[in-house]
Amino acid sequence: MFRKGSSLGLRTCIFLILSTALIVFDQRSDVFHAERMRFSSAVAYPFQSMVDSPIRLFNFLNAGITTQDRLVHENEELRVREILLQSRLQKLLVLEKENAQLRQLLQSTSQIAARVAVARILAVALDPNIQQVVLDKGDKDQVYPNQPVLDGSGVIGQVVGVGARTSRVLLVTDKQSAVPVEDYRNGIRAIAVGNGVSGQLTLINIPDTSDIQVGDLFVTSGLDLHYPVGYPVGVVALIQPQGNDPVKKIILSPMAHLNQAEQVLLAWPSKQALTQAVQKELQETQTQPQPESDLNTDAKSVKTANTSDKSKIKPKSKVSAAAKSKPESKSAAVS
Amino acid sequence: MKAFQETNVFLIALSFLVAIVLTILPLPHWAVWLRPQWVLAVLLFWVLTSSEQSGIATAWVIGILMDLVTGTPLGLQAFVFVVLSYGVLRLRTIIEHLPIWQQASAIGVFVFLNGLLQGMGLSWMGHGAHIGLHTLSAITTTLIWPWIFSALNQLRPRALIR
C-alpha cells in the first residue's frame, strides 16, 4: 500500500506522533484514562482468561486428585471465612485504640461499617516495572476507582482501573502509591510512599525529632477519605539518619502479603462515617497541645490525599510537591 | 498469492497470540526479570523476514496491544516498538545475512534498547523503572532467538522466497 524507502520515515513519524498523542492524553486527561482502563480491561480479558483459566483448572484438578470433592469445597469456604475473620480481627485494633483514647465517650461515629467482598487475583503477570495486580471483579460487582483493597493482615493497595469484569489494583509498594498513615503507638502522622521493585515503603515528611522506633506499626489514618481508618499498612524495618539532613529515612515493610496473596478483600467504606471520623480526629489533634510540626503533617496528609483523589494517581514527584507546599487551613482541606 | 498471504497473516496472528500468552504467564518472583521479550522477538522476526506485511503499522498495533495487556502507559510500548522496527527495517539487509548467533546478538541489542527506552519513558512518567534489570531479559531473548527464528522460519511458507 505504501512504496518502500521514501515513505518509511514518513510512516514512522506518523505512528510516533500517534503514540505520543496517546501517551499525553493518557497522562493528562482523567476521563480518557478512565475510558482507556475500561477498554484495556476488555481487550486484556481474553488473553488473561486464556492464561488464568488453565492455571485455575490445574489447581482445581490438583486439589480434586488429592482430596475429595466435598473437602475441596469446604476448604475453599473456610479459606474465605478465615480471610473475613482475620480482617475483622484487624479492625479490633482500632477499637482498642479508641477505647484507650476516649474511654468516657462512646460515640459510634468513628467506627466505619464497611462492606467487604472477597476477590481473586488473576494469575497473570503485568510489566515487572508496574506494581499492579488484576482482580476478577469489576464494574458488575460495583468496584469503583480508588477503592481500598486489603488482605487479612494489611492494606494491599487501591483500585486504579475498573473494567467490566476485571479491575487493576495499584499495590502500596508502587512508586505512584501514597497512603496517609499514622503510628499506631503514638499517633504520629505521615505518608507512606511505595519504593518500587524493592517491595517496601518509605515514610515522607517525618521530622527528625519525632518518636518513631523500629518495629512501630503504621496504620491507615483515613485522611485521604479512601482507606478505612486504622488498618495496618506496615511496620518500621529501618531508620536511617541522613547526615545533616533533618529528615530521617524511614523504611516500612508492608504488612499485607503482597507477593503470595491469591484472594483479597475489596472494601466499601462508608464515605460519611469516614469523613466524620477524620474531622473528629483532626479537631482532637487541634485541641490537644501538639508540636507545630505534627499539625503540619496533618494538613500535608490531607493535601496529598486530595491529590490522589483523581481517578488516576499522579506521579510521586507531584505528590511530594503538593505535600511540601504550605499547609492550608484544615477545614478547607477536609471538605 | 492472495490465499497465500492470508495463511501467512493467520500464522503471524497466531505467533503473536502465543507470544502474548507467554508474556503474561505468571512466573515465580525471582524469574520475573529473566522473562524473554517474546512479543518483541516475534515482531522483529516478522519485520525482518516479511516486511511487506508486517512493518511499522504492525509494530504500532502490537505495541498498543501490549500496553493494554501489560499495563504500561498507553502508547509507550507502541512508541518504542515503532522506533525499533524502524531501526530493524533500516538495517534489514545487514541483520538478515548475519550468522545466527550474531543475528541473535543484534536482536539482543534491540531488546536492550527496548528496555532502556521503556525504562526512560516510565521514569519520566513517574513510575519506578529498573533499567539495569532489563539487561537480563535482553540476554535471555538473545539465547532464545535462534529457536524462535528457526521455529517460525519452518512454519513460514517459503514459496515467496523461492
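A search for C-beta distances below 7 Å between a residue of the stretch A:179-193 that is among the aromatic types (F, W, Y) and any residue that is buried (at least 24 other Cβ atoms within 10 Å of the Cβ) and not in a loop (DSSP other than H, G, I, E, B), counting only pairs 6+ apart in sequence or on different chains, returns A:Y184/A:F218; A:Y184/A:V219. Would you check if there is a residue in the stretch B:75-87 being closer than 19 Å to B:M120 by Cβ, without any contact (Cβ under 8 Å) to a residue 24 or more places away in the chain and in a loop (DSSP other than H, G, I, E, B)? Yes, the stretch B:75-87 contains a residue that is closer than 19 Å to B:M120 by Cβ, without any contact (Cβ under 8 Å) to a residue 24 or more places away in the chain and in a loop (DSSP other than H, G, I, E, B). Of all residues in the stretch B:42-62, those being under 11 Å from B:S85 (Cα atoms) and at pLDDT 85 or above number 11. Scanning the stretch A:10-57 for residues that are among the small types (G, A, S), more than 7 Å from every other protein chain (Cβ to nearest Cβ), in contact (Cβ under 8 Å) with a residue 24 or more places away in the chain and closer than 23 Å to B:T58 by Cα yields a count of 2.
For (1) in contact with a helix residue (DSSP H, G or I) (Cβ under 7 Å, 6 or more places away or on another chain); (2) of a type in the set (F, W, Y); (3) within 16 Å of B:A41 (Cβ to Cβ); (4) surrounded by 20 or more Cβ atoms within 10 Å (Cβ to Cβ), each residue gets a yes or a no:
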| residue | (1), (2), (3), (4) |
| --- | --- |
| B:V82 | yes, no, no, yes |
| B:V109 | no, no, yes, no |
| B:H127 | no, no, no, yes |
| B:T142 | yes, no, yes, yes |
| B:P146 | yes, no, yes, no |
| B:S150 | no, no, yes, no |
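Mind listing just one residue for me: the one in the stretch B:7-20 that is buried (at least 17 other Cβ atoms within 10 Å of the Cβ) and either farther than 25 Å from B:A106 by Cβ or aliphatic (A, V, I, L, M) (or both) and, of those, farthest from the other protein chains (Cβ to nearest Cβ)? Filtering first and then ranking leaves B:I12. Being over 22 Å from A:V94 (Cα atoms) and within 11 Å of chain B (Cβ to nearest Cβ) is a description that does not apply to A:G138.
Just to be sure before I move on: is B:L98 within 8 Å of chain A (Cβ to nearest Cβ), farther than 28 Å from A:A21 by Cβ and surrounded by fewer than 20 Cβ atoms within 10 Å (Cβ to Cβ) in the structure I sent? No: the conditions fail for B:L98. Being more than 9 Å from chain A (Cβ to nearest Cβ) and more than 27 Å from B:G128 (Cβ to Cβ) is true of B:V88. Of all residues in the stretch B:38-68, those satisfying the criterion of being within 11 Å of chain A (Cβ to nearest Cβ) and in a loop (DSSP other than H, G, I, E, B) are B:S51, B:E52, B:Q53, B:G55. Across the stretch B:69-85, which residue is nearest to A:F25 (Cα to Cα) among those that are β-branched (V, I, T) and within 8 Å of chain A (Cβ to nearest Cβ)? Top of the filtered list is B:T72. When the residues of the stretch B:129-139 are filtered to those that are assigned to a helix (DSSP H, G or I) and surrounded by 20 or more Cβ atoms within 10 Å (Cβ to Cβ), the one that is farthest from the other protein chains (Cβ to nearest Cβ) is B:A138.
Out of everything in the stretch A:227-253 that is under 17 Å from A:D211 (Cβ atoms) and modelled with pLDDT under 85, what residue ends up being surrounded by the most Cβ atoms within 10 Å (Cβ to Cβ)? Checked the stretch A:227-253; the qualifying residue surrounded by the most Cβ atoms within 10 Å (Cβ to Cβ) is A:K248.
The values are calculated or read from the model by the stated rules, or taken from the named source; none is laboratory data. Just so we're clear, the structure is a prediction, and the values are computed from it rather than from any experiment. Cβ coordinates were reconstructed from backbone atoms using ideal geometry, including for glycine residues, and neighbour counts include every protein chain displayed.
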